[in-house]
Amino acid sequence: MGGFFGATSKHDVVMDVFFGVDYHSHLGTRRAGMVFANGDGSFNKEIHSIENTPFRTRFEDDLPHFSGNSGIGCISDTDPQPLLVKSHLGVFAVTTVGAINNHAELVKSYLDGCSTQFMALSSGDVNSTELVAALINQKDSYVEGIRFAQEVVDGSLTLLVMTEDGTIIAARDRLGRLPVIMGKNTEGYCVSFESFAYHKLGYEDCYELGPAEIVKITPDGYDVLSPARGDMKICAFLWVYYGYPNSNYEGVNVEVMRYRNGELMAQGERERDALPELDYVAGVPDSGVPHAIGYATTSGVPFARPFIKYTPTWPRSFMPGNQDVRRRVATMKQIPVPELIAGKRLLFVDDSIVRGTQLANTVNFLYDSGAKEVHMRSACPPIMFGCKYLSFSRNKDDMDLIARRTVQALEGDAGHDHLDEYADPTTERGDCLLSTICKELGFDSLSYQTLEGMLDAIGIDPAHVCTYCWTGKE
């Protein structure tokens, strides 16, 4: 996915942007960059790969060469950015987060209508942020250009622009798929995805942009350049998985939502008389842990940590490019606590079950470590569709998803006309999906949180939450 942070102040903001971007490292693993406006019309910029080196380590040596009262930076799971662009609007820096499903069509349309060119990546593709900049440049102002880009993009587009004089323009996606939150201190303002990032830097909450809202930010204040729209579809996975525990979106804290979600899961199982006899409830580290704490609290079963992730050297198991290496790293990270596994009946809660590959390895690891029973709970419903708005996973094909593969195996192509039933555990098809996945992955029992339960745990109007990956409905 990705994240960004920007700041503009009466004083140098290099350290604020450095730490603010670093606090978004949980949102991406591929590229990162920072750019600063020097106040004289010039910029200094660096972009690095962070696939094998954390952001803070990778950029530490660059800090002495940076200066400026305004700066923006990003963690990117896609192309290198932020970019510097020279156009009829002036020289500006831009960084984007989102997904452009009609990327090829937009590139072709632009090239067909202009005698111009794009810089090509090594793959031959066009950098998505450069494409967005080209769309913005088709209009006579930044606001018109941003609106135009957001309207023609099929997917989502949230962005920051920084102009030559250090002004920052922040734009939230037209349906608010991601949050954009502002903080302030006595010297200026910042803009961020994660509120805790600027709280740690001495800023206090200031303003939260609405869907499609565009705001201009200077050290002296902020002005709304284009008002928010009423429709919103913020991503549910921000609370279930992606968001950092300290963060708040639309007034709802991530960690509190996860406790509540686990409580509702256990409450539902108790009402259905489906709670198994257990010795411990545990979370699949790390994002499954708070869901599991809520489950344990309501079920009355002790919470434990039967295995710990060893993360100092491999903080993310999907970092290596080779699948075999990723699988080996995932295995090497799981360090058991034998006293909490051998002969025990364990129930694990994970944030989601996507491909199922790592969970299959985990259950084998637990049985090899002497577990008597292993039960699994997913903190969200079966994922039926790959995300086309934020690319929260790298799956390009719905058949990569274990739920869709199972439907295909059970009923062939005809089964995909009944995905609503397969997602509902109270139906015959839903029960069949559960039992088949349970058997394939080797669990003693398996259940998923319902869509209604997950939305109840989030607690905002369900009409304002994106649930596309579960329902396929926009």
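The values are calculated or read from the model by the stated rules, or taken from the named source; none is laboratory data. The shown structure was predicted, so the numbers you read here are calculated from the model rather than taken from an experiment. Cβ atoms come from the backbone with ideal geometry, glycine included; neighbour counts cover every protein chain shown.
Look through region 37-89, keep the residues that are touching a His at 6+ places or on another chain (Cβ under 7 Å) and free of Cβ contacts under 8 Å to residues at least 40 places away in the same chain, and return whichever of them is farthest from LEU157 (Cα to Cα).
Going through the qualifying residues, I end up with ARG58.
Pull up region 1-29, narrow it to residues that are among the aromatic types (Phe, Trp, Tyr) and not in a loop (DSSP other than H, G, I, E, B), then point me to the one that is surrounded by the fewest Cβ atoms within 10 Å (Cβ to Cβ). Before you say what the answer is, go through the steps one by one.
Narrowing region 1-29 to residues among the aromatic types (Phe, Trp, Tyr): 4-5, 18-19, 23.
Among the residues that remain, those that are also not in a loop (DSSP other than H, G, I, E, B) are: 4-5, 18-19.
Working: PHE4: 29, PHE5: 29, PHE18: 22, PHE19: 16.
Looking at the filtered set, the residue picked out is PHE19.
Looking only at region 276-300, which residues are buried (at least 20 other Cβ atoms within 10 Å of the Cβ) and either assigned to a loop (DSSP other than H, G, I, E, B) or not assigned by TED's automatic domain parsing to the domain that holds ARG258 (or both)?
Result: VAL284, SER287.
Report yes if ARG345 is within 17 Å of GLN449 (Cα to Cα) and either in contact with a Phe, Trp or Tyr (Cβ under 6 Å, 6 or more places away or on another chain) or modelled with pLDDT of 95 or more (or both), otherwise no.
Details: within 17 Å of GLN449 (Cα to Cα): no; either in contact with a Phe, Trp or Tyr (Cβ under 6 Å, 6 or more places away or on another chain) or modelled with pLDDT of 95 or more (or both): yes.
So ARG345 does not fit the description; no.
ASP424 passes all but one of (1) of a type outside the set (Ser, Thr, Tyr); (2) assigned to a helix (DSSP H, G or I); (3) crowded, with 17+ Cβ neighbours inside 10 Å; which number fails?
Against the list (1) of a type outside the set (Ser, Thr, Tyr); (2) assigned to a helix (DSSP H, G or I); (3) crowded, with 17+ Cβ neighbours inside 10 Å, ASP424 comes up short only on (2).
ILE353: closer than 26 Å to TYR259 by Cα, part of a loop (DSSP other than H, G, I, E, B) and in contact (Cβ under 8 Å) with a residue 40 or more places away in the chain, yes or no?
yes
Which is under 26 Å from the mean Cα position of the chain (by Cα) and either farther than 23 Å from LEU27 by Cα or modelled with pLDDT of 90 or more (or both), of ALA104, ALA120? Quick ask: steps written out before the conclusion?
Values: ALA120 fails: under 26 Å from the mean Cα position of the chain (by Cα).
That would be ALA104, the only listed residue that is under 26 Å from the mean Cα position of the chain (by Cα) and either farther than 23 Å from LEU27 by Cα or modelled with pLDDT of 90 or more (or both).
Just to be sure, is ALA414 of a type outside the set (Asp, Glu) and without any contact (Cβ under 8 Å) to a residue 60 or more places away in the chain?
Numbers: of a type outside the set (Asp, Glu): yes; without any contact (Cβ under 8 Å) to a residue 60 or more places away in the chain: yes.
Spelling it out, ALA414 is indeed of a type outside the set (Asp, Glu) and without any contact (Cβ under 8 Å) to a residue 60 or more places away in the chain.
Quick one: which residue in VAL91, VAL143, VAL132 is modelled with pLDDT of 90 or more and either outside any helix (DSSP H, G or I) or not assigned by TED's automatic domain parsing to the domain that holds VAL191 (or both)?
Details: VAL143 fails: either outside any helix (DSSP H, G or I) or not assigned by TED's automatic domain parsing to the domain that holds VAL191 (or both); VAL132 fails: either outside any helix (DSSP H, G or I) or not assigned by TED's automatic domain parsing to the domain that holds VAL191 (or both).
Just one listed residue meets the conditions, VAL91.
Applying the selection to region 242-266, what residues are over 26 Å from TYR280 (Cβ atoms) and charged (D, E, K, R)?
GLU250
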